[in-house]
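Structure first, commentary second.
The values are calculated or read from the model by the stated rules, or taken from the named source; none is laboratory data. The structure displayed is predicted, hence computed values, not measured ones. For neighbour counting, all protein chains shown are included, and Cβ atoms are generated from backbone atoms with ideal geometry for every residue, glycine included. Each accessible area value is taken on the protein alone, full model and side chains, heavy atoms only, with ligands, DNA and RNA left out. Shrake-Rupley method; radii C 1.70, N 1.55, O 1.52, S 1.80 Å.
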Amino acid sequence: MPRVLVVEDERNLLRGLQRGLEADGYEVVTAASGEEAQAQISARPFDCLLLDWMLPGRDGLQILADLRRAGDRTPVLMLTARDTVEERVLGLDHGADDYLVKPFAFAELLARLRSLLRRGQSDRETMLQAGDLEVDLLERKAVRAGVVVPLRSREFDLLAYLLRHKGAVVTRDMLGREVWNEPGHALTNVIDVTVTLLRKKLDRPGRPPLIHTVRGVGYCLRAE
């Protein structure tokens, strides 16, 4: 059971996050201020931190900076209402692993949390698989039903990302940020076109489709 520290000074949001995460199988520890967060971090290890930026006392950036200076590489997902490019860059430069702007969908928070928890393991993976599709991350080669699928660099990166989130819905904003390194809302057409091209290359007669559109949300890769 992954242990997650949720640091948030909005009490209703804090309680809601705790209930939702516990229902999804996480062990949740909460803190409502920077000082409480620091005490919890000092008391026990965590698998991930959900850290609000604006906190009474020591703010999230100060806590994050202290963690990284101490060599603590625990994944940190920043939760904040700040949405300018400069502020996102500031958070990432202080050592945040991901960034979620309020208000957010709880399903997206869960997806990003799963991604952070998998990241250490994924960095060591060399092969990804879904059904009859196999992807070699070292050789950057995709094979479906024994046939090599010719992919451009961006198509390969997109496919690897979808495979790492196999079975989960990924939003265009997630794809823009993680695959294109740009805000997803500015790349909607580019993302949709690339997904369409990738889907055509992967589809095989008599084989089930792998990439599915979730209308109004994004995409999901799953093997039937």
- Only one of these conditions is not met by Ala107: (1) outside any helix (DSSP H, G or I); (2) at negative phi. Which number is it? (1)
- Item | Residue count for segment 163-192, restricted to those that are out of contact with any helix residue (DSSP H, G or I) (no Cβ under 7 Å at 6 or more places or on another chain), within 26 Å of Gly146 (Cα to Cα) and open to solvent by 50 Å² or more (accessible area, probe 1.4 Å) | 2
- Query: From the list Leu67, Leu92, which one is touching a residue at least 12 places away in the same chain (Cβ under 8 Å) and not aromatic (Phe, Trp, Tyr)?
  - Reply: Leu67
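Only one residue in Pro75, Pro2 is closer than 18 Å to Leu100 by Cβ, of a type outside the set (Asp, Glu), surrounded by 21 or more Cβ atoms within 10 Å (Cβ to Cβ) and touching a strand residue (DSSP E or B) at 6+ places or on another chain (Cβ under 8 Å), so which one is that? Let's see the steps before the verdict.
On the way: Pro2 fails: surrounded by 21 or more Cβ atoms within 10 Å (Cβ to Cβ).
When all the criteria are applied, what remains is Pro75.
Glu178 - would you say it is under 23 Å from Thr80 (Cα atoms), acidic (Asp, Glu) and either part of a helix (DSSP H, G or I) or out of contact with any strand residue (DSSP E or B) (no Cβ under 6 Å at 6 or more places or on another chain) (or both)? Please lay out each step first, then the result.
On the way: under 23 Å from Thr80 (Cα atoms): yes; acidic (Asp, Glu): yes; either part of a helix (DSSP H, G or I) or out of contact with any strand residue (DSSP E or B) (no Cβ under 6 Å at 6 or more places or on another chain) (or both): yes.
So Glu178 fits the description; yes.
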- Looking only at segment 132-160, and only at residues there that are in a helix (DSSP H, G or I) and either touching a residue at least 24 places away in the same chain (Cβ under 8 Å) or of a type in the set (Lys, Arg) (or both), the one that is surrounded by the fewest Cβ atoms within 10 Å (Cβ to Cβ): Arg154
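Among what's in segment 46-58 and is of a type outside the set (A, V, I, L, M, F, W, C) and at pLDDT 85 or above, pick the residue that is least open to solvent (accessible area, probe 1.4 Å). Walk me through how you get there before you give the answer.
Our first condition is that a residue be of a type outside the set (A, V, I, L, M, F, W, C); within segment 46-58, this holds for 47, 52, 56-58.
Among the residues that remain, those that are also at pLDDT 85 or above are: 47, 52.
On the way: Asp47: 73, Asp52: 5 Å².
Only one residue tops the list, namely Asp52.
Which of the residues that make up segment 10-24 are in a helix (DSSP H, G or I) and surrounded by 13 or more Cβ atoms within 10 Å (Cβ to Cβ)? Even if it seems obvious, please write down each step before you answer.
Of segment 10-24, the ones in a helix (DSSP H, G or I) are 11-23.
The answer is Leu13, Leu14, Arg15, Gly16, Leu17, Gln18, Gly20, Leu21, Glu22.
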- Message: Among (1) out of contact with any Ser or Thr (no Cβ under 9 Å at 6 or more places or on another chain); (2) at pLDDT below 85; (3) surrounded by 15 or more Cβ atoms within 10 Å (Cβ to Cβ), there is one condition Ala43 misses while meeting the rest; what is its number?
- Response: (3)
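Would you check if Gln129 is of a type in the set (S, T, N, Q) and either modelled with pLDDT of 90 or more or part of a strand (DSSP E or B) (or both)?
Yes, satisfied.
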